[in-house]
1. Would you tally the residues in the stretch 247-274 being more than 14 Å from Val207 (Cβ to Cβ), free of Cβ contacts under 8 Å to residues at least 60 places away in the same chain and of a type in the set (A, V, I, L, M, F, W, C)?
2. Within the stretch 20-37, how many residues turn out to be touching a residue at least 60 places away in the same chain (Cβ under 8 Å) and either of a type in the set (D, E, K, R) or in contact with a Phe, Trp or Tyr (Cβ under 6 Å, 6 or more places away or on another chain) (or both)?
3. Could you tell me which numbered condition Trp106 fails, if it satisfies all but one of (1) in contact with a helix residue (DSSP H, G or I) (Cβ under 9 Å, 6 or more places away or on another chain); (2) not assigned by TED's automatic domain parsing to the domain that holds Gln249?
4. Residues that are modelled with pLDDT of 95 or more and farther than 30 Å from Asn175 by Cα: does the stretch 65-77 have at least one?
5. Show the residue pairs that are 6+ apart or on different chains and have beta-carbon atoms under 6 Å apart, the first residue being within the stretch 1-19 and within 14 Å of Asp67 (Cβ to Cβ), the second being exposed (fewer than 14 other Cβ atoms within 10 Å of the Cβ) and modelled with pLDDT of 90 or more.
6. Looking only at the stretch 99-119, decide whether some residue is within 19 Å of His69 (Cβ to Cβ), assigned to a helix (DSSP H, G or I) and free of Cβ contacts under 8 Å to residues at least 40 places away in the same chain.
7. For the stretch 80-91, indicate whether the set of residues that are among the polar types (S, T, N, Q), assigned to a helix (DSSP H, G or I) and over 22 Å from Val207 (Cα atoms) is non-empty.
8. Quick one: count up the residues across the stretch 21-58 that are among the small types (Gly, Ala, Ser) and closer than 21 Å to Val207 by Cα.
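The values are calculated or read from the model by the stated rules, or taken from the named source; none is laboratory data. What you are looking at is a predicted structure, and each value in this text was computed from that prediction instead of being measured. Note that we place each Cβ from the backbone using ideal geometry, even for glycine, and neighbour counts take in every protein chain shown.
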Amino acid sequence: MPLEAFYLPTDAGPRFCTLARPAPSQACRGTVLFVHAFAEEMNKSRRMVALQARDLAAAGYLVLQMDLHGCGDSSGDFGDASWASWVEDVLMAVRWLKAHQTSNVWLWGLRTGCLLICEAARHIDEPVKLLFWQPVLSGKQFLQQFFRLQTAGEMLGKEEKGSAARLREQVAAGNAVEIAGYQLSPALVNGLEQAELMPPIYKGELVWLQVASKADSPLPPNAQSSIEHWRNEGHVVQAASVGGPAFWQTTEISDCPALLTACTTTLQQAGGMQ
């Protein structure tokens with residue numbers, strides 16, 4: 001599939017983007033914006049995201065991937081990023097796509113990327129189509145898990161009481177914290193900690209895909225509860241679980257072919273062709 005790489009200019013510096021297009025002879029059936037995962041999860045999932053982008057392009061979709069502020073090949077350091085700057089990056093990419101494409105835009109997030117696209121959707125004055133891969137339901141819970149990486153690295157792997165509390169004290173004092181080689185600014189920590197996977201005001205479509213160790217495993221109870229809430233709020237939700245490795249966190253780079261197939265098929269069924 002044709003693939004373009006370019007820098008999208010912003011007031012805060014350029015953002016590195018790749019654009020996968022359908023074949024020139026193929027009509028564009030939809031547009032998809034991908035928002036990546038957090039820190040090392042982004043690096044672990046690069047291959048799977050690239051495979052999915054190519055698969056969607058082969059099915060007639062245009063797919064834009066963008067490195068957020070301070071991530072990948074975009075400008076700035078990770079420690080310069082804030083939650084607000086990431087939300088603005090998503091909104092800026094949506095505006096760019098709408099200015100260059102006529103088809104409706106799907107927002108596709110992986111892990112914390114799902115929190116980001118939910119936040120961005122609340123700033124868009126129309127229904128938004130959302131695609132979740134293994135969504136993080138609570139930014140606060142995710143940060144607690146991320147802080148444990150620092151705890152695990154202390155005392156030769158022995159947990160030291162109060163490590164997470166000390167990190168939060170540093171943030172409260174306005175200082176950045178370093179975890180697993182990543183500098184986190186107070187603006188990023190505070191924004192992520194407040195993020196929740198809540199539906200936007202305007203009712204739209206949601207495709208929710210979860211990866212489990214076994215095929216056809218039921219969705220986790222907290223995911224089922226969240227999906228029910230979205231449906232009660234009037235959103236049209238298609239949800240499925242597929243078997244495969246947790247590619248965003250495996251030691252070796254791994255693939256999940258069942259997720260690729262389910263994603264393209266379900267997106268088409270959800271109305272991504274308009």
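1. Selection size over the stretch 247-274: 1.
2. Result for the stretch 20-37: 5.
3. Here Trp106 meets the rest and fails (2).
4. Checked against the condition, which is being modelled with pLDDT of 95 or more and farther than 30 Å from Asn175 by Cα, the stretch 65-77 yields at least one hit.
5. Phe16/Asp73; Cys17/Phe6; Thr18/Ala5; Leu19/Glu4
6. Checked the stretch 99-119: no residue is within 19 Å of His69 (Cβ to Cβ), assigned to a helix (DSSP H, G or I) and free of Cβ contacts under 8 Å to residues at least 40 places away in the same chain.
7. For the stretch 80-91, residues among the polar types (S, T, N, Q), assigned to a helix (DSSP H, G or I) and over 22 Å from Val207 (Cα atoms): present.
8. Looking only at that region, the number is 7.
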